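Trainee: Here's a structure for you.
The values are calculated or read from the model by the stated rules, or taken from the named source; none is laboratory data. This one's a predicted model, so the numbers in the text were calculated from it and none came from an experiment. So basically every Cβ, Gly included, is an ideal-geometry build from the backbone, and we count neighbours across all protein chains shown. Quick note on the areas: whole protein, heavy atoms, side chains included, nothing else; ligands and nucleic acids left out. Shrake-Rupley method; radii C 1.70, N 1.55, O 1.52, S 1.80 Å.
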Amino acid sequence: MYLDKTLQQYLDDLASAQPTPGGGSASALTGAMGASLACMVARLTVGKADYTVVQQEIGDLIEQGEGLRARFQELMCLDIEAYGKLSSCFKMPRGTNEEKEARKQAVQGALVEAALVPLEMVERALELVRCCKRVAEIGNKNVLSDIATATSLALATGNGAAWMVNVNITSLKDADKAQELQGRLDGALGQITEEALGVNRAIEERGAK
């Protein structure tokens, strides 16, 4: 989908009146950029004499960051697909009681899927902040401003995607499912905030400006 198009095309479509891409895919793209920056800082640590003892772990962090970048890119597309499915369900016929029931069930199922995609973005954003924290602790001190930026992007991903989760949860009729998803969301958001503070502390302790 958009991964094969230019950035200009994505931004033009994002600015248009069409419903997708929207906040969900934009949050995923933000996460992909954050993961890319984390990988950059880690790669600028590879082969440096002052960081010999952390080379193996830095390699692991690059692998983790690349995995997150790839998944965020997939989530960009999955979010657009989930919205399309939900939109199609709302257009289902409802002339008879049977059609109304079928439509209701389809909509509720699509709402869960539409909530799960951005919820994964939030949970992946938590993984990214944790990755950033470790890079901030052992990575190249000369580029820690970039890992701070990566962390800010991860925070934006989590906060933006959370709005997408909430808008879908609100319409769920299944109270237990809504509570389950809300619990996952709240837990991940709280941990993101806590881990991000850890990134800031690590950067301050290492004297980065």
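Trainee: If R₀ is 41 angstrom, what is the calculated FRET efficiency for the pair MET92 and ASP176, using the beta carbon separation as r and rounding to 0.05?
Mentor: 0.95
Trainee: Then there's this: Once R0 is set to 22 Å, what does the formula 1/(1 + (r/R0)^6) return for the Cβ-Cβ distance between GLU63 and LYS5, expressed as a FRET efficiency to the nearest 0.05?
Mentor: After rounding, the FRET efficiency stands at 0.20.
Trainee: With point charges of +1 on the Cβ of Lys and Arg and -1 on the Cβ of Asp and Glu, referenced to the Cα centre of the chain, which listed residue (MET76, LEU116, ALA17) lies farthest in the positive direction of the dipole?
Mentor: Positive-end residue among those listed: ALA17.
Trainee: What percent does the relative contact order of the stretch 113-209 come to when contacts are Cα pairs within less than 8 Å and at least six residues apart?
Mentor: 47
Trainee: Moving on. Consider all pairwise Cα distances in the stretch 88-207 and report the whole-number % of them above 19 Å.
Mentor: Looking at the stretch 88-207, the distances longer than 19 Å represent 55 percent of pairs.
Trainee: Between CYS131, ILE62, ALA156, whose Cα lies farthest towards the positive end of the dipole of the stretch 62-209 when Lys and Arg beta carbons carry +1 and Asp and Glu beta carbons carry -1, centred on the Cα centre?
Mentor: Ranked along the dipole, the leading option is ALA156.
Trainee: May I have the pair-distance distribution P(r) for the stretch 151-205, computed from all Cα-Cα distances with 5 Å bins from 0 and rounded to whole percent?
Mentor: For the stretch 151-205, the pair-distance distribution reads 4, 18, 25, 18, 14, 9, 6, 4, 2, 0.
Trainee: Here's another thing I want to ask about it. If you count, for each residue, the other Cβ atoms within 10 Å and average over each peptide, how do 102-109, 61-68 line up from highest to lowest? It would help to have the intermediate numbers written out before the result.
Mentor: Working: 102-109: 15.1, 61-68: 19.1.
Descending packing order for the listed peptides: 61-68, 102-109.
Trainee: Moving to a separate point now. Would you please calculate the Kirkwood hydrodynamic radius of the stretch 7-108 over all C-alpha pairs and express it in Å, rounded to one decimal?
Mentor: About 16.6 Å, per the Kirkwood formula over Cα pairs.
Trainee: Further, regarding this structure: With a 1.4 Å probe and every protein chain kept in, tell me what percent of the accessible surface of the stretch 1-132 is carbon plus sulfur.
Mentor: Working: 3680 of 6720 Å².
Carbon with sulfur: 55 percent of the solvent-accessible area.
Trainee: Then there's this: If you consider only alpha-carbon coordinates, what radius of gyration and Dmax does the stretch 100-168 have, in Å?
Mentor: Spelled out, the Cα radius of gyration and Dmax of the stretch 100-168 are 17.2, 61 Å.
Trainee: Please express the shape of the chain as an equivalent ellipsoid: the semi-axes are the square roots of 5 times the eigenvalues of the C-alpha gyration tensor, given largest first in whole angstrom. Write down the numbers at each step before the final one.
Mentor: Details: eigenvalues 291, 65, 31 Å².
Listed largest to smallest, the semi-axes of the chain are 38, 18, 12 Å.
Trainee: Against the longest alpha carbon principal axis of the chain, how many degrees, from 0 to 90 and to the nearest 10, is the axis of helix 175-205 turned?
Mentor: That works out to roughly 20 degrees.
Trainee: Could you tell me which trypsin sites (Lys or Arg not before Pro) in the stretch 28-91 are loop residues by DSSP with no more than 15 other beta carbons within 10 angstrom of their beta carbon?
Mentor: LYS48, LYS91
Trainee: Please report, in debye to the nearest 20, how large the charge dipole of the chain is about its Cα centre when each Lys and Arg carries +1 at its beta carbon and each Asp and Glu carries -1 there.
Mentor: 280
Trainee: Note down the net charge around GLY59, summing +1 for each Lys or Arg and -1 for each Asp or Glu among other residues with Cβ under 15 Å from its Cβ.
Mentor: Local charge sum for GLY59: -1.
Trainee: Go through 195-206, 135-146, 6-17, 27-38 and give me the packing order, highest mean Cβ count within 10 Å leading.
Mentor: 27-38, 135-146, 195-206, 6-17
Trainee: Between the stretch 146-173 and the stretch 1-59, what is the separation of their alpha carbon centroids in Å?
Mentor: Between the Cα centres of the stretch 146-173 and the stretch 1-59 lies a distance of 16 Å.
Trainee: Let me know the Kirkwood hydrodynamic radius for the stretch 1-65, please, with Cα pairs as the basis and the value in Å to one decimal.
Mentor: 14.0
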